[in-house]
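Below: one structure, written as structure tokens.
The values are calculated or read from the model by the stated rules, or taken from the named source; none is laboratory data. This one's a predicted model, so the numbers in the text were calculated from it and none came from an experiment. Every residue, glycine among them, receives a Cβ derived from its backbone with ideal geometry; neighbour counts consider all protein chains shown.
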């Protein structure tokens with residue numbers, strides 16, 4: 001079997017372990033059968049933008065659907081979200097992948113969704129996605145890698161959606177929080193790293209208040225985020241990178 005870490009460009013700096021790797025055309029999902037959603041997703045924000053003629057972006061497709069690459073008993077279905085009070089929250093943002101229809105369409109697979117509180121999804125989460133696109137648009141930045149992880153805290157009660165549905169395997173746990181680890185490579189090959197941990201609830205604080213040490217985030221998720229990076233520890237103190245995310 002071909003090694004996805006050799007084939008998928010977004011995996012070049014590494015990724016945590018998972019139950020199943022789902023390789024897409026433009027991003028990769030590390031899936032958790034236990035939680036019936038991604039353990040992580042990894043993307044390059046609109047990679048190869050310069051190779052697309054007359055780039056103007058495409059319209060959001062909204063074609064939500066189950067990911068049939070996952071065994072039915074381990075995958076979420078659309079019915080789980082109906083009447084749940086939670087959004088189908090993107091892990092790889094739709095607007096991060098909008099060069100081509102097929103690229104955008106992949107972001108609407110339910111393997112790229114987690115249950116998110118509506119005010120979280122449409123508030124602080126959207127603000128973070130916008131900030132990452134602003135970072136990627138800077139002329140000094142060559143590529144921006146984004147690792148996103150749903151978070152479950154041991155010892156805390158876990159809410160589930162879809163428990164009353166009859167479809168086999170449809171119940172989905174609701175994450176307590178979400179993490180994004182943002183690795184930016186500039187045009188001279190220098191790397192910068194920021195990691196955010198945000199509770200899955202309405203938030204009013206600034207983005208910078210959710211910056212955490214990457215090392216600490218790895219302990220919670222249970223795996224190295226960027227294990228192929230050598231020659232220096234990028235898991236720096238969060239206080240050194242606050243100014244980038246002041247809102």
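Below, the figures for the structure above:
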item	result
Residue 158 vs. criteria under 18 Å from residue 39 (Cβ atoms) and surrounded by fewer than 14 Cβ atoms within 10 Å (Cβ to Cβ)	yes
Residue within segment 209-220 that is surrounded by fewer than 19 Cβ atoms within 10 Å (Cβ to Cβ), out of contact with any strand residue (DSSP E or B) (no Cβ under 9 Å at 6 or more places or on another chain), at pLDDT 95 or above and closer than 15 Å to residue 131 by Cα present	yes
Test: residue 170 is at pLDDT below 95, in contact with a helix residue (DSSP H, G or I) (Cβ under 7 Å, 6 or more places away or on another chain) and crowded, with 20+ Cβ neighbours inside 10 Å	yes
Residue in segment 75-98 that is buried (at least 22 other Cβ atoms within 10 Å of the Cβ), at positive phi and modelled with pLDDT of 90 or more present	no
Any hit, segment 120-137, residues being surrounded by fewer than 14 Cβ atoms within 10 Å (Cβ to Cβ), part of a loop (DSSP other than H, G, I, E, B) and modelled with pLDDT under 95	yes
Scope segment 92-122; condition farther than 22 Å from residue 152 by Cβ and in contact with a helix residue (DSSP H, G or I) (Cβ under 9 Å, 6 or more places away or on another chain); matching residues	94, 95, 96, 97, 98, 99, 104, 106, 107, 108
Some residue of segment 180-190 being over 26 Å from residue 11 (Cα atoms), in contact with a strand residue (DSSP E or B) (Cβ under 9 Å, 6 or more places away or on another chain) and surrounded by fewer than 16 Cβ atoms within 10 Å (Cβ to Cβ)	no
Boolean, residue 66 is in contact with a strand residue (DSSP E or B) (Cβ under 8 Å, 6 or more places away or on another chain), under 15 Å from residue 114 (Cβ atoms) and either surrounded by fewer than 19 Cβ atoms within 10 Å (Cβ to Cβ) or at pLDDT below 95 (or both)	yes
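For (1) touching a strand residue (DSSP E or B) at 6+ places or on another chain (Cβ under 9 Å); (2) outside any loop (DSSP other than H, G, I, E, B); (3) modelled with pLDDT under 95; (4) at negative phi, each residue gets a yes or a no:
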residue	(1), (2), (3), (4)
18	yes, no, yes, yes
42	yes, yes, no, yes
53	no, no, yes, yes
61	no, no, yes, yes
